[in-house]
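What follows is one structure encoded as structure tokens, with my remarks underneath.
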Amino acid sequence: MDFSSYMKSCTLVGMFLGSMAFAHPDSLALTPPLGWNSWNIFHENINEKQIQEIADAMVESGLRDAGYIFLNLDDNWMDTKRDAEGALQNNPKTFPSGMKAIADYVHSKGLKFGLYGDHGKRTCHHYNSNWQSESGSYGHEEIDAKRLAEWGVDYWKYDNCDVAPGSNQEEDYTRMSKALRNSGRDIVFSICMWEYKDWMPKIANLWRTTFDIGPEWRSTSWYRGVYEIIDANDKYWQVAGPGHWNDPDMLEVDNNNLSYEEQKSQMTMWSIMASPIMISSDVRKMSNQVKELYMNKDMIAINQDSLGVQGHRISNDKGKQVWTKPLKNGDIAVALLNDNTSTQTIEVNFADIGVPGEVEVRDAWQKKDLGAKSSVSAEVPAHGSVLLRLVVTPVPRKPFKGAALAIPGKIEIEDFDISGIGAGNTSYNDMDATNQGKSEYRKDTGVDIYEKADGRIVVGYNQVGDWLEYTVNVAADGEYTMSASVASANETSGFKLSVDGKDITDTIKVPKGEGDDNYDDYKTVEAKVSLTKGEHILRFIVLGDWMDIDYINFVKVGDGDETGKTPVQPGDSSTTSIAGYSLAMNDAYATGSKLNVFGMTGKFLGQVDMIDGNIVNSLKMAGFAKGVYLVRNGAKTFRIQVTK
């Protein structure tokens, strides 16, 4: 169908799209996007007829129905000059009908349409070609976003070339994010900055974690090989989730140089890592073997699982690797990956990944059930992989003490729940596989539990990503004062609490102990929290550098102590409350000394210099607004009120 006759059929589609309600940006990619991108196969050599044929092939081959719904054009669809309004425009030679026409054609096939841009002055191809070009969106974010919406663009990949002098990456990408969100159309935002930064999940749906991929297992050129990207992407597994994905770049399947086993391994690993899967080959002439790799239903189901957890590596024995990924229904996906240049035997005992006894096992690539097993041993070819699904019968978690822990009351940190099996039944996560603890108490969990010289049992060696969960029973609705006994030798330690998956505190700063490397100088920190009567799951989450914790205590505000303060617990060397703390209002410190300032929930707000021995004036001069703050210097903490 040519564009002139085709456009007549789009009127109803356009009317429908114009009446659509717009989703929250975080809900645009609740599972990793699947689709096709032009770059790895065609590079800058794209045109209207070719893309129309790709859209046809995605439908006729079954790719669309398998879930590959995005058709994305990469660099060089645009002209070097902007239009009279200052907006991006199509290259008139290669896309003479315009981008709206090609977008409408793609939509008519039941696909979504994506384009590419750059936060610099020129896109990468235009920059590398040394063209005089206005193809970058720096300074044109709003008008470009509106033009994308007018054309019907559903996906925007935003690159990182020809950066404007004095510009800031975070600010540039944030401007485009806001412009897309205000454009009047739902547009998936894909950052291509070649590395991960912690501000990206706040503004984008996916972000590249590495430099560009190339068609080799290990690179011998400027790009990164498939395995090098797998290895690098793993370190960010915890930041991925529904609406926010780590992007290890496009597929190199069906392009040059990769063996069949290496191509299959890319599919295996992109699946278990919950990665966006963008085919970048000529799908007009796929072999049946390649089609089987792209369209394997078991592989796609693991990738698209709605729990949205990125699988990660749990063992690596001389290149013989085991990766796991929990699934929504309680099943567990397992990948065996061989990074050696010869066939290797890779074994996994399911008890080692938290699945005791026998479970049914399905092999994704063989498309068959392997029966009930408690372990698997496989001969895996060089650079090859195995993708399994363990069909798990859920086993409920259990409170460690046999019953839910009471709130109000004191929760000993080492009494976290006994883990069960399946979704929602895991009660702890310890990032360090080695048990660093020096106690026989619950030694089999792998959590780093220590017994102190005074007999207290604490959990130590806590790092970012660690968490512990407790089944608790809250006696009554209301406000409670939470206090926790904590220690750290670092300035940047912190934690937060959640109940049933929802945060009940901001980040709570853990004060640094006196002296060097002192994890025995326990302090009590506090925060006010609102709790609801009934049984809940309380989670303690580590957010900063290494810290130790002894207990968490809850006192209902108004019960026995009108200020809601928690008494000092045995073993605390001092009390530095992070809420409800009341001392002298304006003790003088030496001019020039450093004051650490916290909000009343314990959130660290910054450090200021003492001016003229007056804390209040020091906060005012530093720009702190009217309100109540906690100010700490050395071992003393003061509750300070700043007035107008």
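With the requirement that a residue be touching a residue at least 12 places away in the same chain (Cβ under 8 Å) and either crowded, with 18+ Cβ neighbours inside 10 Å or among the basic types (K, R) (or both), what does region 92-108 give you? Hits for region 92-108 are T94, F95, S97, M99, K100, A101, I102, A103, D104, Y105, V106, H107. Reported count of residues in region 355-377, each being of a type outside the set (K, R) and open to solvent by 20 Å² or more (accessible area, probe 1.4 Å), is 13.
Exactly one residue out of A527, A489 is touching a residue at least 24 places away in the same chain (Cβ under 8 Å), of a type in the set (G, A, S) and not in a loop (DSSP other than H, G, I, E, B), and it is A527.
Look through region 306-324, keep the residues that are modelled with pLDDT of 95 or more and touching a Gly at 6+ places or on another chain (Cβ under 9 Å), and return whichever of them is surrounded by the fewest Cβ atoms within 10 Å (Cβ to Cβ). Filtering region 306-324 for residues that are modelled with pLDDT of 95 or more and touching a Gly at 6+ places or on another chain (Cβ under 9 Å), the one surrounded by the fewest Cβ atoms within 10 Å (Cβ to Cβ) comes out as Q310. For region 454-467, a residue qualifies if it is in contact (Cβ under 8 Å) with a residue 12 or more places away in the chain and closer than 18 Å to Y522 by Cβ, and the qualifying residues are D454, R456, I457, V458, V459, G460, Y461, N462.
Residues of region 464-484 that are buried (at least 18 other Cβ atoms within 10 Å of the Cβ) and within 20 Å of D430 (Cβ to Cβ): D466, W467, L468, E469, Y470, T471, A484. When A433, A476 are checked against the criterion of being assigned to a loop (DSSP other than H, G, I, E, B), in contact with a strand residue (DSSP E or B) (Cβ under 8 Å, 6 or more places away or on another chain), at pLDDT below 85 and among the hydrophobic types (A, V, I, L, M, F, W, C), A433 stands alone in meeting it. Filtering region 519-531 for residues that are open to solvent by 30 Å² or more (accessible area, probe 1.4 Å), modelled with pLDDT under 95, under 28 Å from the mean Cα position of the chain (by Cα) and of a type in the set (F, W, Y) leaves an empty set. Within region 415-429, the only residue that satisfies the criterion of being open to solvent by 30 Å² or more (accessible area, probe 1.4 Å), part of a loop (DSSP other than H, G, I, E, B), modelled with pLDDT of 75 or more and not polar (S, T, N, Q) is G424. Output yes when any residue across region 97-114 is at pLDDT 95 or above, in contact with an Asp or Glu (Cβ under 6 Å, 6 or more places away or on another chain) and at positive phi, and no when none is. No, there is no match, as no residue in region 97-114 is at pLDDT 95 or above, in contact with an Asp or Glu (Cβ under 6 Å, 6 or more places away or on another chain) and at positive phi. List every residue pair whose Cβ atoms lie under 6 Å apart, where the two residues are 6 or more positions apart in sequence or sit on different chains, the first residue falls within region 167-195 and is farther than 24 Å from P242 by Cβ and of a type in the set (G, A, S), and the second residue, located anywhere, is assigned to a helix (DSSP H, G or I) and open to solvent by 30 Å² or more (accessible area, probe 1.4 Å). So the pair list comes out empty.
Restricting region 198-224 to residues that are of a type in the set (G, A, S) and within 26 Å of N257 (Cα to Cα), the residue that is surrounded by the fewest Cβ atoms within 10 Å (Cβ to Cβ) is S221. Go through region 132-145 and count every residue that is touching a residue at least 40 places away in the same chain (Cβ under 8 Å) and either closer than 18 Å to D75 by Cβ or buried (at least 18 other Cβ atoms within 10 Å of the Cβ) (or both). Residues that pass the stated criteria total 8. Against the conditions (1) part of a helix (DSSP H, G or I); (2) open to solvent by 10 Å² or more (accessible area, probe 1.4 Å), M267 satisfies every one except (2).
The values are calculated or read from the model by the stated rules, or taken from the named source; none is laboratory data. Everything numeric here is computed off the predicted structure, so don't read it as measured data. FYI the Cβ positions are ideal-geometry reconstructions off the backbone, even for glycines, and counts take in every protein chain you see. When the accessible area is computed, the model is the full protein with side chains, heavy atoms only, and any ligands, DNA or RNA have been set aside. Shrake-Rupley method; radii C 1.70, N 1.55, O 1.52, S 1.80 Å.
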